[in-house]
Each structure stands twice: as structure tokens, then as C-alpha cells.
Amino acid sequence: MLPPGKLPPGVAAYTDRVLSFYDWWVLGFSNRFIWQCPTRRLLAIYDEHASDNHLEIGVGSGFFLDRCRFPTAAPRLVLFDANRRCLDWAARRVARYHPTTLQGDVLQPIAAGPGFDSVGMNYVLHCLPGRMPGKAAAIRHAASLLNPGGVLFGATILSGGVPRGTMARRLMAHYNARGIFSNAADTLESLRAALGGCFREPRLTSVGCVAIFVGRKGPSEICP
């Protein structure tokens, strides 16, 4: 496990204590009442796109992998995260799938073995440091691991180009001040541009202040 002091705040924040109430606070309360994007909307993209050859980048508590409907009972499942605690927590939760865990930084190239037919990157981008053009490296690295026809999907919380209520603005400002979020300059258009650097026709849907995205890799896509 990397020492917590060497992890960025958006990664180090996920301690065992935080993970113990993550589902209740983020997926139960915040998504519905603050970000205005019910968790069922996010689970639906897993049910639609998670394949039997799946890489999950930024595993959180493992909720979505535990709840989604994989097309087979024994998918190839690889978990990737910078935080060892998250990896261990999620791996225990989906132990029935015998997942492989990899610790690393999504802003650096990822060595994850053979290509994948789906990559999930849910609630990752708003925790990465910097502005969206720099975060686009995470999208490139994820896309580079897709087999032709494979799909990258996920969601991120935005500050611009989406409606934000009073509670959303206040909580987002609090998280940005603590370094847990780094999304003060993240907008729907900047996300569209970042996805467009890898996918010719990315699909973007905003629900509250959350953007749900899907990009499918064709044989001649820009990303390798």
C-alpha cells in the first residue's frame, strides 16, 4: 500500500472509515438529493455496457460491480485504483468473480495485460488533480486498453454546463477546498472535448450536475 501522504487528497480520502459509509452517503444520499442523479441511472450504464472482459478504473466501494448484471457468471474482471484500501475493499465485495487487482495512477500509462471489451471509469475524473485537458490523459490511457469495438463508460460530477442547486454548489466548493474534488473548472464542453480526443462519436448525457459518458472504440479511432 502506498503511504497515504503520497496519494493526492482525492485518492487518500478513501479510508476504511469513509468506505464504510460511502454507499449510504454518496450513492444513497448525495447522488439523489445533492447531485440530482439517482444511483440507479449510473447502475444502468453498467448493466448496459459491462462486458465479460472488464476493467474497472477507480473502484470506490465496489458497489456497481457487485450490483450490475455481467453477461456471464465468470467475467474476467480487473480492478485498478491508486488506493490499496479501495482495491482490497472492492475485491472482497466481488470475490465471487476472482478479480485481479492493480495499483497505479490513471494519469500514467496502465499495464493491465490483454485488451478489454469494456472499461468503467465512474466518479474518477472529478477527483483527479488539475483541469480537464490534463485529465484527458486518463481517458486516453483507458481508451488505449480497449479492444476494437470496446466501450469506455462512466460518469463525473461537473461545475459548468449543468444545473447545480445551492447544496451542490456548497458541497462542491467544500470538496474542492479540501482537494477531494478538483472540478471547479470542469464543464460539459471540456469533457466533450476530452472524450473527442479519443472517440469520434462519444455519447454524453447530463443528469443533474453529473455527466454520464460512453465512447466506443472503432478500428480507426484516434487513441491507440
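Just so it is clear, none of the values below were taken in a lab; they were calculated from the coordinates. Since the structure is predicted, the reported quantities are computational estimates derived from the model, not experimental observations. Don't worry about glycine lacking a Cβ; one is built from the backbone with ideal geometry, like all the others, and counts go over all protein chains shown.
Of all residues in segment 24-40, count the ones that are surrounded by 17 or more Cβ atoms within 10 Å (Cβ to Cβ), part of a helix (DSSP H, G or I) and not small (Gly, Ala, Ser). Of the residues in that region, 5 qualify. If you go through segment 15-69 and keep only what is in contact with a Pro (Cβ under 9 Å, 6 or more places away or on another chain), of a type in the set (S, T, N, Q) and over 26 Å from Ile110 (Cα atoms), you end up with Asn31, Gln36.
Looking only at segment 191-208, filter to residues that are part of a helix (DSSP H, G or I) and without any contact (Cβ under 8 Å) to a residue 40 or more places away in the chain; which one of those is nearest to the chain's Cα centre (by Cα)? By that ranking, first place goes to Arg192. Filtered by the rule that a residue be touching a Leu at 6+ places or on another chain (Cβ under 9 Å) and either in a helix (DSSP H, G or I) or farther than 21 Å from Ala136 by Cβ (or both), segment 173-190 gives Leu188, Ser190. For segment 127-172, residues that are touching a strand residue (DSSP E or B) at 6+ places or on another chain (Cβ under 6 Å), assigned to a loop (DSSP other than H, G, I, E, B) and either among the hydroxyl-bearing types (Ser, Thr, Tyr) or closer than 23 Å to His49 by Cα (or both) total 2.
Of the set (1) more than 16 Å from the chain's Cα centre (by Cα); (2) within 29 Å of Gly134 (Cα to Cα); (3) surrounded by fewer than 17 Cβ atoms within 10 Å (Cβ to Cβ), all apply to Gly104 but (1).
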